[in-house]
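No lab work stands behind these numbers, since they all come straight from the coordinates. Keep in mind that this is a model prediction, so the values were computed, not measured. Don't worry about glycine lacking a Cβ; one is built from the backbone with ideal geometry, like all the others, and counts go over all protein chains shown.
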Amino acid sequence: MTSTSGFSNGYNWGTNALYPATGRRDGSDGSLLYVGDFGYCWTASTPRPIDAGRYNAIVMVYSSGAFLVNNGYARARGIPVRCVKE
């Protein structure tokens, strides 16, 4: 991966942070989904109280076209905990 801020299998901001497009695990059968196309990362934020029983934490989702924050996924989906530093 090069040291640019573009998306090439993830976002790389020089030597500061690397958010790889790790994809995620399927929560029911464990297969890998979206590798190289989407990245996911748990945040420290908890979901809205109404969703707290279904989700464990807020998730940042990113691709070549977008960064967004999702209400969360179940732990079984194998979301990474943080970015990777080069």
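For the pair Y34 and A66, the difference between a 0.36 nm per residue extended length and the Cα-Cα distance amounts to 10.1 nm.
Just to verify a number: FRET efficiency for N9 and T46, C-beta to C-beta distance, R0 = 41 Å, to 0.05? Mind dumping the intermediate values first?
Working: r = 30 Å, r/R0 = 0.72.
Using R0 = 41 Å, I get an efficiency of 0.85.
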